[in-house]
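A.B. asks: Pasting a structure here, questions to come.
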Amino acid sequence: SYDQKIMIARTLEELGADILEAGFPVNSQEEFEAVRDIAKNSSSCQIAGLARAEQKDVARAFDAVKYAGERARIHVFHGSSDIHLKHKFNGRTVEEGIGYSVRAIKHAQDIMDGKGTVQFSCEDATRSSISNLVKFCSAAITAGATVINLPDTVGYAIPSEYSDMFRAVIKGINDKGIKTSDIIFSVHC
């Protein structure tokens with residue numbers, strides 16, 4: 001609930017959390033208000049709003065997190081596995097998924113006007129091919145994402161597979177001539 005989200009955010013900030021993904025603002029008015037009020041009342045955490053790779057989601061996330069100023073974060077995500085592309089996105093191709101992702105990231109960059117962070121996640125990364133991940137992540141970085149998240153969305157991987165995936169993706173991005181030294185890679189288990 002709204003009250004629970006506010007209490008949890010306050011507690012996490014008191015405990016020293018540096019980033020709070022406060023919610024999915026496009027989901028409901030209550031969710032939007034909770035993320036907005038967390039952004040308004042946070043004094044030290046980055047406040048992230050989750051957004052599908054859709055412009056309306058990005059705009060709604062920004063409207064909620066903008067009160068955090070430089071600490072605002074928009075977290076854009078799109079499925080990258082063949083399973084998600086086929087079944088969740090009705091047969092969308094990798095190239096189409098990348099197109100949606102790039103447009104959403106660029107939209108987030110534009111409306112944030114250099115204030116804040118854009119994060120990108122390859123939903124269902126651990127069931128995605130390394131080739132798909134390298135394509136999605138390379139395009140996301142080129143579009144302006146500075147945080148790349150590779151989630152184990154369905155709890156599919158064991159730790160060694162998960163770390164091997166990160167190494168392979170980072171190597172693949174670097175092999176394309178894209179600098180990753182300034183990119184933060186994050187996990188979601």
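A.B. asks: Go through the residues of segment 106-121 one by one and say whether even a single one is open to solvent by 40 Å² or more (accessible area, probe 1.4 Å), touching a Phe, Trp or Tyr at 6+ places or on another chain (Cβ under 6 Å), in a helix (DSSP H, G or I) and modelled with pLDDT of 95 or more.
C.D. replies: Yes, the conditions are met somewhere in segment 106-121.
A.B. asks: Also, quick follow-up: Between A168, A125, which is open to solvent by 20 Å² or more (accessible area, probe 1.4 Å) and of a type in the set (A, V, I, L, M)?
C.D. replies: The unique qualifying residue is A168.
A.B. asks: Report, ordered by the first and then the second residue, all pairs with beta carbons closer than 7 Å, sequence separation of six or more or different chains, a first member in segment 22-46 that is among the β-branched types (V, I, T), and a second member that is assigned to a loop (DSSP other than H, G, I, E, B).
C.D. replies: none
A.B. asks: Right, here's the next one. How many of the residues in segment 39-79 are open to solvent by 60 Å² or more (accessible area, probe 1.4 Å) and closer than 18 Å to A140 by Cα?
C.D. replies: 3
A.B. asks: Taking segment 167-186 only, how many residues are in contact with a helix residue (DSSP H, G or I) (Cβ under 9 Å, 6 or more places away or on another chain), closer than 19 Å to S101 by Cβ and outside any loop (DSSP other than H, G, I, E, B)?
C.D. replies: Qualifying residue count, segment 167-186: 5.
A.B. asks: Follow-up. Residues S163, S186: which one is in contact (Cβ under 8 Å) with a residue 60 or more places away in the chain and either open to solvent by 70 Å² or more (accessible area, probe 1.4 Å) or small (G, A, S) (or both)?
C.D. replies: The match here is S186.
A.B. asks: Check I83, I98 and return the single one that is among the β-branched types (V, I, T) and closer than 22 Å to F24 by Cα.
C.D. replies: I98
The values are calculated or read from the model by the stated rules, or taken from the named source; none is laboratory data. Note that this is a predicted model, so its numbers are computed, not measured. Quick reminder, even Gly has a Cβ in these numbers, built from the backbone with ideal geometry, and neighbours come from all protein chains shown. Accessible surface areas use protein heavy atoms only, side chains included; no ligands, DNA or RNA. Shrake-Rupley method; radii C 1.70, N 1.55, O 1.52, S 1.80 Å.
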